[in-house]
Each structure stands twice: as structure tokens, then as C-alpha cells.
Amino acid sequence: MHHGPEVRRRKLGAELRALRTAAGLTSGEAARRAGWHQSKVSRIETGTSGVKPADVRLLLDAYEVEDGQLRELLLALAGSGDAEDRPWWHAYRGVLPPTYRDFISLESQATGMRTLETSVVPGLLQTPEYARAVTRAAVDGVDEQRLDTLVEVRLTRQGVLRGDPPLRLNAVLDEAVLRRQVGGPEVMARQLDRLMEAARLPQVTLQVLPFSAGAHIGVTGPFVIFSFSNTSDLDVVVLDHLTSSLHLERKEDLQAYSEAFDTLRLHAMPAEDSLEYIAEIRQDW
């Protein structure tokens, strides 16, 4: 169990080590190709020190890695380097805590996202009004200017669903998400309309876990599983807490949460029935 930046360094280092091994190079040989001391390669591969995108490029060139998507993913895990390498959320670094920036980074590079939500609509599917009400409640004493910025970030994040290719989102929503009043009845009505629109997108699968399902494995709290098409070694589970986020990277943790999500999907309504159920609840609002 690790905080975001550390898990990113560890995953990046492990992947670079695997690529070096696949290239048939020792760490000393890799260091000579890069013009470094061998200890620098070791520190990068063990995740004990940070690494600049330029250094990652140098290693990928040395290992003759030509997969463009894999290169982009590993460069994103390296973080921000020169101005041209910096992602859009770097402009908000003074407002967003590091754990949130790290979450956005993973979200932007993932090919798949599985999420259980027990209290609120997933951020990628929130309307501006709903996002504003949720943020105001979650961030104590937030002023209007910062509130505007946080909502702007939330809405900008939603661009991953319109990417090429788009993020594949599988969400299981507890019925409480649909019935908890956030921002008032009109806000809720528009939010459920948005959910129904999203549910019809080919890259989005929504399932409702009704109250009638009773106690279930998700009662311990919401979670997110990010998946990456290039290598499952980069998959990660994210758990949100009041003041921080925790990242689970061990294979046994990933397997446990993946199995839990599969179980939740079995207990939830099928996607088509969920859409009809959302429409029914929409009438109550």
C-alpha cells in the first residue's frame, strides 16, 4: 500500500527494468549507453529516486522501444519535465493536492476504469451543477474562486471519455447515489439525465446496485481500478480517504479488487435494466 507518487516511481522502475532485461542489457551496459553511472539506473529501477521524462526517453531509445503508446504511458508516469511535456493539470498545481494530480495522471493514461461508487456520481459523469454542489460540500470553507477552479478541473477531466481511443468506463452505482439529494431536485434531475445519456455511450457501462441487493462486498467503501492495455503490471487500485488517497499495486490486491468488482456486477442490475431504473428514479426528482 503506497501513496500515489511512490507507486508511480515503483511501477515505472519495474517496467524499465523489464524492458532492459528484454533488450538483453545489464544495468551497467544500459548506464554506458545513456552516459550515466550504473547507480543511477539502479535507483530508477528500484523507484528510490525520481526520473525526468528526458531520462526515460533516453532509456527507451537505448532499449529500442518503438511502441508509441507504451512510451507515452511511461513518460506520463515520469511526471512533468520541460514545459512541452507538462500535462494540462500542471497549470493547477497550486490548487490541486499531489494525490489528486496523481489520480488525474493515472486516469488520463489508463485505457480502462472500473469504479464502485456508494455515495456520489463518478466525477467523469457529473454535470457542472452537481460537481459544484459536491465540491462545496467536500471542501470545507472553499471560496468561490477556488470552487470555480475545482469544478473546471472536474469537467476537464471528462475529456478522457472523448479521447481517441476513449477511456472505457465500467461503473457500479449503489442506489444511494441516485437518491441522495445533491444540490436540490432540479440539479438531481439534470444529473440523472446526464447518467442516462452516458449509459448509451459505447465506452460506458453503468449498472445500478439496488437496495434490494442487501449487504454486499462494496459496503466497505468505493474504489477505482485503473487498467492499462500495454501491461497489467501498471494496473492500480485507488482508495480515497478524507485527507489522502492510497494506491494498491500488489498483484494479490489487484486480484482481490477485480474479483470484488466482478461480484458486484453480478449482484447489480444488467446495464439495460439499470438504465430503465435510473429513468424511474428520475421521475421522482
Checklist outcome for this item: All conditions in (1) acidic (Asp, Glu); (2) exposed (fewer than 14 other Cβ atoms within 10 Å of the Cβ); (3) within 21 Å of the chain's Cα centre (by Cα); (4) closer than 28 Å to Thr135 by Cβ are true of Glu259 except (4)
Item to check | Candidates Val134, Val120, Val153, Val139 - the one that is out of contact with any strand residue (DSSP E or B) (no Cβ under 7 Å at 6 or more places or on another chain) and surrounded by fewer than 19 Cβ atoms within 10 Å (Cβ to Cβ) | outcome: Val139
Checklist entry - Which ones in region 20-52 are over 29 Å from Tyr100 (Cα atoms), open to solvent by less than 50 Å² (accessible area, probe 1.4 Å) and either modelled with pLDDT under 90 or in a helix (DSSP H, G or I) (or both)? => result Arg20, Ser27, Gly28, Ala30, Ala31, Ala34, Ser39
Next on the checklist: For region 135-162: of the residues being outside any helix (DSSP H, G or I) and among the charged types (D, E, K, R), which is nearest to Ser119 (Cα to Cα)?
Outcome noted: Asp140
Item to check | Subset of region 193-230 that is polar (S, T, N, Q) and crowded, with 16+ Cβ neighbours inside 10 Å - its residue that is nearest to the chain's Cα centre (by Cα) | outcome: Ser227
Checklist entry - Exactly one of (1) on the phi > 0 side of the Ramachandran plot; (2) in contact (Cβ under 8 Å) with a residue 40 or more places away in the chain; (3) not hydrophobic (A, V, I, L, M, F, W, C) is unmet by Ser119. Its number? => result (1)
Checklist outcome for this item: Listed by first then second residue, the pairs whose first member lies in region 72-92 and is among the aromatic types (Phe, Trp, Tyr) and surrounded by fewer than 19 Cβ atoms within 10 Å (Cβ to Cβ), whose partner is assigned to a helix (DSSP H, G or I) and at pLDDT 75 or above, with beta carbons under 7 Å and at least 6 positions apart or on separate chains, are Trp88/Thr156; Tyr92/Thr149; Tyr92/Val153
Next on the checklist: Need the failing condition index for Pro98 against (1) modelled with pLDDT of 85 or more; (2) surrounded by fewer than 19 Cβ atoms within 10 Å (Cβ to Cβ), just the number.
Outcome noted: (1)
Item to check | Filter result (open to solvent by 50 Å² or more (accessible area, probe 1.4 Å) and either modelled with pLDDT under 95 or more than 16 Å from the chain's Cα centre (by Cα) (or both)) within region 167-192 | outcome: Arg179, Arg180, Gln181, Gly183, Pro185, Glu186, Arg190
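The values are calculated or read from the model by the stated rules, or taken from the named source; none is laboratory data. The structure displayed is predicted, hence computed values, not measured ones. Cβ coordinates were reconstructed from backbone atoms using ideal geometry, including for glycine residues, and neighbour counts include every protein chain displayed. We work out accessible area using only protein heavy atoms, side chains counted, and drop any ligands, DNA or RNA first. Shrake-Rupley method; radii C 1.70, N 1.55, O 1.52, S 1.80 Å.
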